[in-house]
Amino acid sequence: MDIPRIFNITESAHRIHNPFTPEKFATLGAALRLQSGTRVLDLGSGSGEMLCTWARDHGIIGTGIDMSQLFSEQAERRAVELGVADRVKFMHGDAAGYVSDEKVGVAACVGATWIAGGVAGTIKLLAQSLRTGGIILIGEPFWRQLPPTEDVAKGCLAHSITDFLMLPELLASFGRLGYDVVEMVLADQNGWDRYEAAKWLTMRRWLEANPDDELANEVRAQLTSEPERYAAYTREYLGWGVFALMPR
């Protein structure tokens, strides 16, 4: 079980696998008023930066599940590096359908809502692990400005304009699912730059070290095309944020 190898290559040097920066995760942790001992479940936990830094800064107890063997191993090493390996644990596995044995104060899926077929399904899944009075965190893209054509949407790596909502519509959709939006922290263009542009140096170094690899042509094609595509499309049209929800 693993994610496609191309992602393990392009994001192998990332600590955060979305457009958030360490400062944004710190802002989110403070905004949630996390208490020491709060249990946090993170489905699609990547390299574990959110759980590890919140364990260090707020004393939370965390569990993360991710399909990437590489990212799960990186998360375990990060926990040791930050001295929180006794407070957080990471599992390599499929987060789809995962329900915690013990109810949690925060149930999160930050950027992987495909695990349950989209936002609505992921919220329903997370709610099964949530204690009364707890908070669900959803990380999700939205349109900063509506793409004028379907080709522009595809330039943002969406299948169509309908893949994402404008921010007001996304917030309204949470209400229709029966949830209050109680906080949000949004990525900015610097965060997008750090997420996307960091891949380019990783790809170049990987190509230098692996010129004969079966994926070398694919990685070379991405390195050639991605800077222009990102600057023209994703950076201009696509937003991203983490939204804190509580059931009504």
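The values are calculated or read from the model by the stated rules, or taken from the named source; none is laboratory data. Just so it is clear, the model here is predicted, and its values are computed rather than measured. Cβ atoms come from the backbone with ideal geometry, glycine included; neighbour counts cover every protein chain shown. Areas reflect the complete protein model, heavy atoms only, side chains present, ligands, DNA and RNA absent. Shrake-Rupley method; radii C 1.70, N 1.55, O 1.52, S 1.80 Å.
If you go through the range 105-140 and keep only what is within 11 Å of Leu43 (Cβ to Cβ), touching a Ser or Thr at 6+ places or on another chain (Cβ under 7 Å) and among the aliphatic types (A, V, I, L, M), you end up with Ala107, Ile115, Ala116, Ile138. Taking each residue of the range 140-157 that is over 12 Å from Gly241 (Cβ atoms) and looking for partners that are of a type in the set (S, T, N, Q) and surrounded by 13 or more Cβ atoms within 10 Å (Cβ to Cβ) with beta-carbon atoms closer than 6 Å, six or more apart or interchain, yields Cys156/Thr234.
One residue stands out in the range 66-120 among those that are aromatic (Phe, Trp, Tyr) and assigned to a helix (DSSP H, G or I): the one that is least open to solvent (accessible area, probe 1.4 Å), namely Phe71. Given the criteria in contact with a Cys (Cβ under 7 Å, 6 or more places away or on another chain) and open to solvent by 10 Å² or more (accessible area, probe 1.4 Å), does Ile135 qualify? The answer is no for Ile135. Among residues of the range 172-201 that are surrounded by fewer than 18 Cβ atoms within 10 Å (Cβ to Cβ) and among the β-branched types (Val, Ile, Thr), those with a Cβ under 9 angstrom from a residue that is at pLDDT 95 or above and not in a strand (DSSP E or B), sequence gap 6+ or separate chain, pair up as Val181/Leu171; Val181/Phe174; Val181/Gly175; Val182/Leu32. Residue pairs whose Cβ atoms lie under 6 Å apart, sitting 6 or more positions apart in sequence or on different chains, and linking a residue in the range 21-39 that is open to solvent by less than 70 Å² (accessible area, probe 1.4 Å) and in a loop (DSSP other than H, G, I, E, B) to a partner that is at pLDDT 95 or above and not basic (Lys, Arg), are Thr21/Gly191; Leu34/His58; Leu34/Ile60; Thr38/Ile60; Thr38/Gly105.
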